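Trainee: I have a structure I would like to understand better, so I am pasting it below and will then ask my questions one at a time.
The values are calculated or read from the model by the stated rules, or taken from the named source; none is laboratory data. It should be emphasised that the depicted structure is a prediction, and the values quoted were computed from it without experimental measurement. Counting neighbours? That spans all protein chains shown, and the Cβs are built from the backbone with ideal geometry, glycine included. What goes into the accessible areas is simple: the full protein's heavy atoms, side chains included, and nothing from ligands, DNA or RNA. Shrake-Rupley method; radii C 1.70, N 1.55, O 1.52, S 1.80 Å.
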Amino acid sequence: MTPSLRTRLGQPGTVVWTLALLVLIRLVSLGLYPLTDNTEARYAEIGRVMAQLGDWVTPSYDAGVPFWGKPPLSFWATASSFQLLGVSEFSARLPHFLAALCVAWLMWDWARRESRSVALTAVALLGGSSLMLLASGAVMTDMMLTLGTTLTLRGFWLGLYGDLTRRNTEGWLLFVGLAAGLLAKGPLILVLTGVPLGLWSLFSGQLGRVWRDLPWVRGLLLTLALAAPWYVLAEARTPGFLDYFLVGEHWHRFVTPGWSGDRYGVAHSAARGSIWVYAIIALLPWSVLLPLGAWRQRRRTEIPGSETRPTPSPQRYLLVWTLAPLVFFTMAGNILWTYVLPVLPPLALFAANWLHARWPAASINRMLTLGLGISTLLFAALVGGLNTAAAKDWHTTRELVAHHAQLAPAEGALTFYPSRPYSAAFYSRGHVSEVTQMTALRTRLTGPPGMWAMKPGDWQTLPDDLRARLHPLAQHGEYLLLRVQRSTTVTPS
């Protein structure tokens, strides 16, 4: 590396431009690859049905079929985007991208009050991490939950130690964040925020000040006023929702490995302690670059004056905020790597403060530029790979539905057997149907013309007379597109 290039890479401007490029690529990519089954397509379809039906109380993945798995905040955002921009992959993902920008801004705005260099480092670490990069354009509920936890835990600290003129506002944001979390993913936010707040307040000796300086009674009333009406209306519209959602989704999902009561998929059984492995993966490339950089800088002492600040250092608070959810999920068996997402904002700010207390600014900027460059190249390669002929049908039926649309209406409607994937419902705008029983399949084959889609294994295990009626026309990913042959008589059941 030449001295001039080394100097250029050590400039904060290089970090800004590299980060801006990554954000731009992520924005453009929102509409460049299909929604996949099950999470993205399912949640996008729920948003589409909500916008179509105009029912903003009961999330549904089909008319008259309520979805009890999650509260509505993410679906409200997606449905609103569909109404404003039309139904597409881009409009489905855009609200979650904007929520990610809000999370990043909340952390930048907090950090910049002490140091703009620390703020830039925190946002670069956050935006360049693999999980944040992927989740910032994914149709799921985790980003809205992370927005709620960030509002709550930032509001708590700045409500105590922020600028005197803004403490009152920040304190109220604590309770707005709780309401957002309750409407994004439910009571889980009470654990993810209550545990770190309680532990820090207790062990820092600040319990009295916490009670005295924050509007707990009025704030919690605000939280209830914002969140409780939806829960009441949801139970009134579809009785049984609260029992399934509160007990099933918030107890069995986390403590019962392989929980069989999941109405909307298969419970994920992971080894105890997997959350820590997920955290390492979620932090890539920083989980590799930071230890390597720390080893190279190991002989350096703390930079003089780096810890001088007019208010208490938030480092211990940020560490508790980071570790509490990870410890909570350590013994959980039914987890996904996206459960790490709420700890990324505090960890990014913690790491930024730590780096600027020990590393020269130029070394930090070079590491950030390298990490952001790696993330940009790998993500661009991933998006490009998803658009290749070999990958365009991966966990999605977009191409199959498009193929059928080219043949319709001459070939008739499309029906899936024995179940319709969510992506088929989304890309057909709800116009494909499903047949779940073989007797119904046999009856339908004697009716009007139509086309069928099923997995090769399901087609091969059909009785000979039914299989002879269904001629494979093409295969798209996991599914065959089948044309009905009319020349053979179907044997009555």
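Trainee: Could you list, in sequence order, the residues of segment 439-474 that are in contact with a Ser or Thr (Cβ under 8 Å, 6 or more places away or on another chain) and either small (G, A, S) or assigned to a helix (DSSP H, G or I) (or both)?
Mentor: T439, R442, R444, G450, A453, D465, A468, R469
Trainee: Additional query: Take G47 and decide whether it is within 30 Å of V118 (Cβ to Cβ) and in a helix (DSSP H, G or I).
Mentor: So G47 does not fit the description; no.
Trainee: State all residues of segment 16-56 that are under 27 Å from V176 (Cα atoms), modelled with pLDDT under 95 and of a type in the set (A, V, I, L, M); if no residue qualifies, say none.
Mentor: Matches in segment 16-56: none.
Trainee: Give me the pairs: first residue in segment 394-405 and farther than 19 Å from T39 by Cβ, second residue open to solvent by 50 Å² or more (accessible area, probe 1.4 Å), beta-carbon distance under 7 Å, and six or more apart or on different chains, which are they?
Mentor: Every condition considered, the pairs that remain are E399/K392.
Trainee: Moving on to the next point. Give W354, W337 a once-over and let me know the one that is open to solvent by 60 Å² or more (accessible area, probe 1.4 Å) and farther than 26 Å from A44 by Cβ. Please lay out each step first, then the result.
Mentor: Working: W337 fails: farther than 26 Å from A44 by Cβ.
From the options W354, W337, the qualifying one is W354.
Conditions (1) in contact with a helix residue (DSSP H, G or I) (Cβ under 9 Å, 6 or more places away or on another chain); (2) open to solvent by 60 Å² or more (accessible area, probe 1.4 Å); (3) within 30 Å of S129 (Cα to Cα), marked per residue:
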{"residue": "K392", "(1), (2), (3)": "yes, yes, yes"}
{"residue": "R398", "(1), (2), (3)": "yes, no, yes"}
{"residue": "H404", "(1), (2), (3)": "no, no, no"}
{"residue": "L441", "(1), (2), (3)": "yes, no, no"}
{"residue": "L445", "(1), (2), (3)": "yes, no, no"}
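Trainee: Considering only segment 196-212, I want to know if a residue exists there that is under 24 Å from L344 (Cβ atoms), within 26 Å of the chain's Cα centre (by Cα) and open to solvent by less than 30 Å² (accessible area, probe 1.4 Å).
Mentor: Yes: segment 196-212 contains one or more residues that are under 24 Å from L344 (Cβ atoms), within 26 Å of the chain's Cα centre (by Cα) and open to solvent by less than 30 Å² (accessible area, probe 1.4 Å).
Trainee: Out of all the residues in segment 377-393, is one or more in contact with a His (Cβ under 9 Å, 6 or more places away or on another chain) and either at pLDDT 95 or above or of a type in the set (K, R) (or both)?
Mentor: Yes, segment 377-393 contains a residue that is in contact with a His (Cβ under 9 Å, 6 or more places away or on another chain) and either at pLDDT 95 or above or of a type in the set (K, R) (or both).
Trainee: For segment 61-80, name all the residues that are open to solvent by 10 Å² or more (accessible area, probe 1.4 Å) and of a type outside the set (A, V, I, L, M, F, W, C).
Mentor: Correct list: Y61, D62, G64, P66, K70, S80.
Trainee: Determine whether T58 is touching a strand residue (DSSP E or B) at 6+ places or on another chain (Cβ under 7 Å), outside any helix (DSSP H, G or I) and either open to solvent by 20 Å² or more (accessible area, probe 1.4 Å) or not basic (K, R) (or both).
Mentor: Spelling it out, T58 is indeed touching a strand residue (DSSP E or B) at 6+ places or on another chain (Cβ under 7 Å), outside any helix (DSSP H, G or I) and either open to solvent by 20 Å² or more (accessible area, probe 1.4 Å) or not basic (K, R) (or both).
Trainee: So E411 ticks every box in (1) charged (D, E, K, R); (2) within 21 Å of K455 (Cα to Cα); (3) at pLDDT 90 or above but one. Which box is left unticked?
Mentor: Against the list (1) charged (D, E, K, R); (2) within 21 Å of K455 (Cα to Cα); (3) at pLDDT 90 or above, E411 comes up short only on (3).
Trainee: Looking at segment 223-253 only, could you name the residues that are open to solvent by 40 Å² or more (accessible area, probe 1.4 Å), modelled with pLDDT under 90 and either closer than 20 Å to V57 by Cβ or not in a helix (DSSP H, G or I) (or both)?
Mentor: If the condition is that a residue be open to solvent by 40 Å² or more (accessible area, probe 1.4 Å), modelled with pLDDT under 90 and either closer than 20 Å to V57 by Cβ or not in a helix (DSSP H, G or I) (or both), then L242, D243, L246 are the ones that fit.
Trainee: Assuming V288 fulfils every condition listed in (1) under 25 Å from P196 (Cα atoms); (2) part of a helix (DSSP H, G or I); (3) at pLDDT 90 or above apart from one, which condition is it?
Mentor: All conditions pass for V288, except number (1).
Trainee: Regarding segment 98-109, can at least one residue be identified that is touching an Asp or Glu at 6+ places or on another chain (Cβ under 9 Å) and not polar (S, T, N, Q)?
Mentor: Looking through segment 98-109, none of the residues is touching an Asp or Glu at 6+ places or on another chain (Cβ under 9 Å) and not polar (S, T, N, Q).
Trainee: Would you check if T256 is under 29 Å from P71 (Cβ atoms) and at pLDDT below 80?
Mentor: Details: under 29 Å from P71 (Cβ atoms): yes; at pLDDT below 80: yes.
When the stated conditions are applied, T256 passes them.
Trainee: In this structure, does T149 turn out to be under 30 Å from F75 (Cα atoms) and crowded, with 24+ Cβ neighbours inside 10 Å? Working first, answer last.
Mentor: Numbers: under 30 Å from F75 (Cα atoms): yes; crowded, with 24+ Cβ neighbours inside 10 Å: yes.
So T149 fits the description; yes.
Trainee: Would you be able to say whether some residue in segment 359-382 is open to solvent by less than 40 Å² (accessible area, probe 1.4 Å), aromatic (F, W, Y) and within 30 Å of T141 (Cα to Cα)?
Mentor: Yes, segment 359-382 contains a residue that is open to solvent by less than 40 Å² (accessible area, probe 1.4 Å), aromatic (F, W, Y) and within 30 Å of T141 (Cα to Cα).
Trainee: Quick test for you: out of L9, L32, L27, L21, pick the one residue that is under 16 Å from the mean Cα position of the chain (by Cα), of a type outside the set (V, I, T) and open to solvent by 20 Å² or more (accessible area, probe 1.4 Å).
Mentor: L27
Trainee: Among the candidates R420, R429, single out the residue that is closer than 26 Å to F67 by Cβ, assigned to a loop (DSSP other than H, G, I, E, B), open to solvent by less than 60 Å² (accessible area, probe 1.4 Å) and not small (G, A, S).
Mentor: R420
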